[in-house]
Amino acid sequence: MTDAVRLRIELANTKPYLDLFDVSLLCGYSQSTLRRRVKEGKLKALQNIPKGKLLFKREDIESWLESGAI
């Protein structure tokens, strides 16, 4: 793991809202898999405008991973 990735993970652990890249780093799933789970309704995401950046609440990601994810 590179220092840049390690620093990004540490930063992600402090933020209340995570972007798609943060979630991908934290859980190990690809961004396309995460987008599919959002589309299927298995993962909750916030999006202010259509086709805008997806944001995830840290608690939602933690709950999703604890429930078995995928």
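Each label was represented as a point 7 Å from its Cα along the Cα-to-Cβ direction; for Ile49 and Thr14 these points are 2.9 nm apart. When the chain is described by a simple charge dipole with +1 on each Lys and Arg Cβ and -1 on each Asp and Glu Cβ, the residue from Gly41, Leu55, Gly28 located farthest towards its positive end is Gly41. Taking volume of the Cα convex hull per residue in Å³ straight from the coordinates, which label in (1) 91; (2) 70; (3) 105 is the correct one? Recomputing volume of the Cα convex hull per residue in Å³ here picks out (1). In this simple spin-label approximation, Lys57 and Lys42 carry label points 7 Å from Cα along the Cα→Cβ vector, and these lie 2.1 nm apart.
Any chance you could run the full-extension gain for Ser32 through Ser67? It's 0.36 nm times the residue separation minus the Cα-Cα distance, nm to one decimal. Length difference between fully extended and current span is 10.6 nm. So which lysines can Lys39 reach, going by Cα to Cα under 21 Å and dropping same-chain residues fewer than 8 places off? Leaving aside lysines fewer than 8 places away in the same chain, those within reach of Lys39 are Lys51, Lys53, Lys57.
Sequence-distant contacts, meaning Cα pairs under 8 Å at least 6 residues apart, place the relative contact order of the range 3-66 at 34 percent.
Laboratory data are not the source of any read-out in this text; all were calculated from the coordinates shown. Since the model is a prediction, treat every value here as computed from it, not as a measurement. Reconstructed Cβ throughout: ideal geometry from the backbone, glycine too, with neighbour counts over all protein chains shown.
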